[in-house]
Amino acid sequence: MSSPSDMNTGDVVELAAKEAAQQDVPDHHVTDVALKPAFFDWLCRMGDTTLILGHRTSEWCGHGPALEEDIAQANIALDLIGHTQMWLGLAAEVEDEGRTADTLAYLRDAMKFRNLLLVELPKGDMAVTIMRQFLFDAWHHDYLGKLTGSSSPRVAEIAAKALKEVTYHLERSSDLVVRLGDGTDASRRRMQDALELLWPYTGEMFVSDEVDRAIAEAGIAPLVEDLHADWTETVTEILKEATLELPSGTAYAQKGGRTGRHTEHLGFVLAEMQFLQRAYPGASW
Amino acid sequence: MYAQMVESEGNRGDLTAQERAFQDRIDAGEKIEPKEWMPEGYRKTLIRQMGQHAHSEIVGQLPEGNWITRAPTLERKAILLAKVQDEAGHGLYLYSAAETLGVTRDELFEALHSGKMKYSSIFNYPTLTWADMGAVGWLVDGAAIMNQVPLQRTSYGPYSRAMIRICKEESFHQRQGYAIMMKMAAGTPEQKEMAQDALNRFWYPALMMFGPSDKDSVHSEQSMAWKIKMNTNDELRQKFVNETVPQAELLGLTVPDENLTYDEQTGDYSFSEPDWAEFFEVIKGNGPCNRERLQARRDAWSEGEWFRDGLTAYAEKSAKRRAAAALAAE
């Protein structure tokens with residue numbers, strides 16, 4: 001028990017107030033029953049996307065092309081796992097059925113996952129990894145920026161924390177796309193191939209459905225269509241500097257990840273990721 | 001240890017005046033810095049030792065990296081990833097410190113990939129269950145700390161400073177390993193079985209990390225005079241056993257040694273020697289994972305060549321562009 005003089009020390013009172021404010025941000029969306037299904041789904045879309053990309057990125061650990069790159073990839077993966085804990089943690093809270101970020105990550109099957117298809121594709125070579133990171137970062141950065149003004153203080157708070165890290169992710173992936181695109185013939189060819197491979201999976205980032213519309217109506221997030229113009233501008237500019245060519249024509253957009261229809265790859269990611277939780281139900285780690 | 005059986009190049013016979021003065025500085029506890037004169041043998045021995053240590057850090061990423069994608073919770077995944085990332089960072093400090101002795105990182109990699117330079121024998125053992133993430137942190141990092149703590153006082157300045165940073169992180173690693181063991185040992189019967197099995201498999205390989213017994217260790221004397229080896233192999237092994245046995249007891253696990261006894265008088269445990277024939281086979285390349293570990297490093301390097309070349313080419317192009325722009329501006 002703190003003594004009264006301690007309790008009255010100015011900075012302690014201030015710190016306690018600050019702490020309380022952080023823990024208890026009043027957010028009526030979190031307890032809004034009508035909004036619950038859409039809000040839960042949307043939070044899973046955010047958290048599953050960072051979870052699966054973080055998982056893919058972590059596959060590089062120990063196998064990077066240079067020590068500095070190995071360390072950087074691990075950093076990005078760590079940031080994304082951190083974002084996952086926040087998004088899925090809030091999803092579990094909104095759902096209010098006793099699940100946690102961990103049980104959502106480790107005990108749902110593929111059809112319940114809501115991540116973008118783009119992030120579940122195999123890591124490929126460094127060109128695929130970096131090009132994917134860039135195409136995703138350009139969208140993620142813009143989206144998080146808008147989410148900092150969300151009508152949900154909890155969402156805005158997570159977005160603000162994540163944005164600091166994602167600003168660096170985008171800076172880094174843009175820089176590497178330029179350097180490798182405008183590097184050697186071999187590095188340029190690999191980056192161009194990676195771009196062609198990934199391009200059909202970018203369309204999904206900009207297609208709203210009824211979940212997005214419900215979330216937009218509640219003022220929680222903008223419609224993803226609204227991100228398309230800025231994203232195209234960023235991507236066009238960087239690819240030009242990288243001497244890479246924007247894939248010709250409009251590739252048919254592969255989609256379905258955000259509603260639970262995935263590529264064949266996700267099942268294997270989950271089989272690996274969820275192995276211990278599935279093999280030893282109820283154990284504590 | 002992370003550097004095992006490092007061949008020492010010194011001449012313990014008559015010292016020249018310059019060598020005598022160098023030895024006096026070391027005896028007085030002074031640090032030797034990169035641009036100062038040093039005997040060629042000191043430089044070569046240090047390159048060997050620091051290089052082997054650096055290689056051990058990056059090869060050491062592999063057995064634990066093996067479980068990053070299977071870590072059982074988000075928090076465990078983040079902690080393990082951060083730990084393996086730290087090891088890459090330790091590799092980076094040590095390669096950089098070795099570069100101050102006039103060898104490049106690429107040359108050291110080349111020596112690792114060709115098999116000319118070694119890394120610690122411990123990383124040639126497989127990690128088979130999640131409990132191994134606990135055992136590696138607890139026993140392997142625990143054994144490494146025994147050697148690395150005194151190396152903070154080593155005579156070569158850059159090595160000493162690298163070790164100070166590394167030790168801070170290693171002690172955290174050991175504690176996270178022990179935390180996993182505590183969870184497993186107190187968990188379900190299957191988890192406890194995994195924990196005991198991990199201890200059974202890693203106990204003797206951990207004892208081997210300190211290298212063969214002093215009576216068979218031919219290079220210790222010169223390295224100890226130069227303060228690049230601070231304690232004998234047997235001293236460190238004894239210290240490790242003394243500290244680790246009570247930790248195993250606390251976990252409720254059994255150290256796999258029937259001859260383990262405690263001597264009240266000396267405060268030391270007496271224990272069985274590891275199988276040194278196995279150790280020498282592992283050193284020769286015949287351990288359970290030698291080929292896979294080395295191949296993984298070679299693959300990372302060769303598959304990353306286009307990436308490194310691309311960045312180099314861009315840096316050269318952009319330097320030329322800047323020079324041309326500066327010229328045009330004149």
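Restricted to helices (runs of 4 or more DSSP H) entirely inside the stretch B:16-91, those with at least 3 residues that are under 20 Å from the mean Cα position of the chain (by Cα), away from chain A (no Cβ under 14 Å) and surrounded by fewer than 23 Cβ atoms within 10 Å (Cβ to Cβ) are B:40-59.
Would you confirm whether or not the stretch B:147-154 contains a residue that is over 20 Å from B:GLY89 (Cβ atoms), in contact (Cβ under 8 Å) with a residue 12 or more places away in the chain and within 16 Å of the chain's Cα centre (by Cα)? Among the residues of the stretch B:147-154, at least one is over 20 Å from B:GLY89 (Cβ atoms), in contact (Cβ under 8 Å) with a residue 12 or more places away in the chain and within 16 Å of the chain's Cα centre (by Cα), which makes the answer yes. Of all residues in the stretch A:74-88, those satisfying the criterion of being out of contact with any Leu (no Cβ under 8 Å at 6 or more places or on another chain) and more than 9 Å from every other protein chain (Cβ to nearest Cβ) are A:ILE76, A:ASP79, A:HIS83, A:MET86.
Do we find that B:ARG165 is of a type in the set (D, E, K, R), open to solvent by 30 Å² or more (accessible area, probe 1.4 Å) and not in a helix (DSSP H, G or I) in this structure? Here the answer is no, as B:ARG165 does not meet what is asked. Screening A:GLY124, A:GLY82, A:GLY149, A:GLY89 for residues that are touching a helix residue (DSSP H, G or I) at 6+ places or on another chain (Cβ under 8 Å), surrounded by fewer than 21 Cβ atoms within 10 Å (Cβ to Cβ) and within 16 Å of A:THR167 (Cα to Cα) leaves exactly one candidate, A:GLY82.
Can A:ARG99 be described as at pLDDT 95 or above, within 14 Å of chain B (Cβ to nearest Cβ) and over 19 Å from the mean Cα position of the chain (by Cα)? In short, yes.
Considered as a group, the residues in the stretch B:92-120 that are of a type in the set (A, V, I, L, M, F, W, C) and assigned to a helix (DSSP H, G or I) include one that is nearest to the other protein chains (Cβ to nearest Cβ), and that residue is B:LEU92. Is the stretch A:210-222 home to any residue that is within 20 Å of A:MET131 (Cβ to Cβ) and not aliphatic (A, V, I, L, M)? No, that holds for no residue. Applying the condition of being open to solvent by 30 Å² or more (accessible area, probe 1.4 Å) and within 18 Å of the chain's Cα centre (by Cα) to the stretch A:232-260 and asking which residue is farthest from A:ALA110 (Cα to Cα) yields A:LYS255. Looking only at residues of the stretch A:143-158 that are part of a helix (DSSP H, G or I) and in contact (Cβ under 8 Å) with a residue 24 or more places away in the chain, we find that the one that is farthest from A:VAL25 (Cα to Cα) is A:TYR143.
In the stretch A:42-71, the residues that are of a type in the set (Gly, Ala, Ser) form no Cβ pair under 6 Å with any partner that is not in a helix (DSSP H, G or I), whether six or more places apart or across chains.
The values are calculated or read from the model by the stated rules, or taken from the named source; none is laboratory data. In this text, all values refer to a predicted model and were calculated from it rather than measured experimentally. Methodologically, a virtual Cβ is constructed for each residue, glycine included, from the backbone with ideal geometry; neighbour enumeration extends over all protein chains shown. Surface areas here come from the heavy atoms of the whole protein model, side chains and all, with no ligands, DNA or RNA. Shrake-Rupley method; radii C 1.70, N 1.55, O 1.52, S 1.80 Å.
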